[in-house]
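The values are calculated or read from the model by the stated rules, or taken from the named source; none is laboratory data. Just so you know, these numbers come straight off a predicted model, no measurement behind them. Here the Cβ is made from the backbone with ideal geometry for all residues, glycine too, and neighbour counts use every protein chain on show. With ligands, DNA and RNA removed, areas are computed over all heavy atoms of the protein, side chains included. Shrake-Rupley method; radii C 1.70, N 1.55, O 1.52, S 1.80 Å.
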Amino acid sequence: MKKIDFKDLILFENEDYLVINKLPYLSTLDDRHEAQNILDLAKGYTPDAQVCHRLDKETSGCLAIAKHPAAYRNIAIQFEDRKVDKIYHAVVEGIHEYKDVLVDKNLLANNKGIAKVSKEGKPAQTYVNTAKTYYKHSLIECRPVTGRLHQIRVHLAYLKSPICGDETYGGKPLYLSELKRRFNLKKNTEELPIMQRVSLHAYALNFIGVKGESIEVVAPYPKDFEVLVKQLEKNR
């Protein structure tokens, strides 16, 4: 990954917080395999930076960063009290009409970082709504109440709506040839998926600032997610 200018990621900034649009394939915290991660980049910008929550490496979108310990404490309490409003967008397999569906299923993670629905797991709740349906796919809006490992991915798989590209939890990669009726691939070339990662984006974040103000941030889709949605729109 080429060197990232942290300023280019910033969606919102005041004296207490930064909210960035995290790039896909960029780790939130230190990653032995990568030269760059969000925490180091943030500390280079503001020395006392603390990441307030985490996004999976492949997931893009809204990520809040506190600039000082009091700001971190303020938002940490809101996360603990489940007062932070998070909205994710996912492209899933199949046509689904969800309206305020609550998935309330405990999740258990193993030591390989794979989660599953299990009575022995920790409580996990996600509200699910359909934003749009296409020919064979749906754009789904998820509001997780809790923040368990891979929560949205597992809960959508539980609903038999696996996320496109999420092979860990049963989602298949999505190819243009599946959408376009007259699709011709050049000879001797292998078709690649439209999006080469899990089709999940942290779309919006809403929390209360240190001075009691409401902070609401929306993260535009990154290029790969935008291309995927445009192709679904074009080939309905």
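Some values worked out for this structure:
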item	result
Total residues in segment 176-193, condition open to solvent by less than 80 Å² (accessible area, probe 1.4 Å) and under 12 Å from H137 (Cβ atoms)	1
Identity of the residue in segment 133-167, among the hydroxyl-bearing types (S, T, Y) and either in contact with a Ser or Thr (Cβ under 9 Å, 6 or more places away or on another chain) or open to solvent by 40 Å² or more (accessible area, probe 1.4 Å) (or both), that ends up farthest from L200 (Cα to Cα)	Y135
Some residue of segment 2-13 being in contact with a strand residue (DSSP E or B) (Cβ under 7 Å, 6 or more places away or on another chain), under 30 Å from H137 (Cα atoms) and modelled with pLDDT under 95	no
Where P24 falls short, out of the listed (1) part of a helix (DSSP H, G or I); (2) in contact (Cβ under 8 Å) with a residue 12 or more places away in the chain	(1)
Every residue from segment 194-212 that is open to solvent by less than 60 Å² (accessible area, probe 1.4 Å) and either part of a loop (DSSP other than H, G, I, E, B) or of a type in the set (S, T, Y) (or both)	I194, M195, R197, V198, S199, G209, G212
Condition met for A42 (more than 15 Å from V217 (Cβ to Cβ), of a type outside the set (D, E), without any contact (Cβ under 8 Å) to a residue 60 or more places away in the chain and touching a helix residue (DSSP H, G or I) at 6+ places or on another chain (Cβ under 7 Å))	yes
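Here's the yes/no breakdown for (1) surrounded by fewer than 19 Cβ atoms within 10 Å (Cβ to Cβ); (2) touching a Lys or Arg at 6+ places or on another chain (Cβ under 6 Å):
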residue	(1), (2)
K7	yes, no
I20	no, no
D56	no, no
K67	no, no
A70	yes, no
D85	yes, no
E93	no, no
L107	no, yes
